[in-house]
Amino acid sequence: MSTNITSHNNTMQIAFTLPTTVPVFHNDTSSIPTTVKAMDLIVPCCNPPLRWVEQLVADYEAVQELMPDVRIQLIVVNDGSEKNFSISHRSQLKNAIPHVRIIHHPVNRGKGYAMRMGVAIAENEYQVCTDTDFPFGVNAIKEAFEQLQAGYDVVAGERGNQYVELLPSKRKWITRINRRMNQHVLRLKVQDAQAGLKAFNASGRKVFLSTRVEGFLYDSEFVHKAGKTKDLRIKSIPIKCRPGIHFSEFKSKTLWRELFNFIGILFR
């Protein structure tokens with residue numbers, strides 16, 4: 001994926017060979033020393049809950065407090081939200097975190113598509129990806145980052161059976177089937193590839209940006225390609241859901257789309 005960047009006043013236009021051109025609202029951080037440890041924290045966003053900005057700011061500040069010696073660049077990618085991502089929401093976020101980078105994409109294309117847009121503009125040595133509500137808490141972010149520093153190229157969270165028991169009944173069997181297919185069909189090195197916590201260095205980032213799935217199975221595609229990449233070191237870490245996490249049901253249309261995505265991963 002190649003990226004061309006042009007700046008117009010306070011708005012940065014980022015032209016992607018894949019997937020498209022999107023506007024980015026970016027505050028200059030060039031005055032921050034580059035010798036300190038730094039990472040990009042990338043979160044996708046689609047129709048977030050009403051008070052998502054306050055929660056995101058609180059979680060970001062908690063991560064920064066937990067990792068005081070690391071400069072954390074927050075990148076938020078809006079994937080075609082139809083509610084709760086107005087100009088006032090973006091202004092509120094930028095007022096709270098002045099150096100935040102926001103990609104505002106007006107059309108929903110899927111989580112995989114959104115994550116690649118965020119990763120494509122990342123500038124630091126390491127990237128950590130999670131969901132906007134930080135479903136696995138802040139300690140998991142620190143653990144993933146530390147494993148990258150220890151020499152691993154890709155770090156993936158694994159949720160275990162505790163996660164499955166928390167799910168609505170329909171999502172339970174979908175998750176169990178998906179894990180078995182990952183293990184026995186794709187033969188992934190990480191059984192729970194769909195956990196929303198991934199981290200990587202430059203080598204892992206290159207593989208991540210080569211993925212093509214636009215929906216939820218971008219995770220499986222990434223782990224599948226990473227496992228086939230020579231000399232790429234992959235590490236899984238156990239993670240648990242924080243209390244109060246809300247789980248939505250998958251629509252039938254989404255399930256059929258992801259089935260075709262799975263077949264594409266298998267034969268691509």
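The values are calculated or read from the model by the stated rules, or taken from the named source; none is laboratory data. From a predicted model like this one, the values you see are computed outputs, not experimental measurements. So basically every Cβ, Gly included, is an ideal-geometry build from the backbone, and we count neighbours across all protein chains shown. All accessible areas refer to the heavy atoms of the entire protein, side chains included, with ligands and DNA or RNA removed. Shrake-Rupley method; radii C 1.70, N 1.55, O 1.52, S 1.80 Å.
Of note:
- Label-point separation in nm, R187 to E61, each point 7 Å along Cα→Cβ: 5.0
- Largest to smallest accessible area among E82, E158 [probe 1.4 Å]: E82, E158
- Surrounding net charge for A140, when Lys and Arg each add one and Asp and Glu each subtract one, Cβ distance under 14 Å: -1
- Above-threshold pairs, the threshold being 21 Å between Cα atoms, out of K37/K94; K37/K240; K83/K111: K37/K94; K37/K240
- Reachable aspartates and glutamates, given that their alpha-carbon falls under 12 Å from the alpha-carbon of K142 and they are not under 8 places away in the same chain: E65, D69
- Neighbours of I239 by Cβ distance under 13 Å: Lys/Arg scored +1, Asp/Glu scored -1, total +2.
- The residues of the stretch 42-128 expose, per residue, 40 Å² of accessible area to a 1.4 Å probe.
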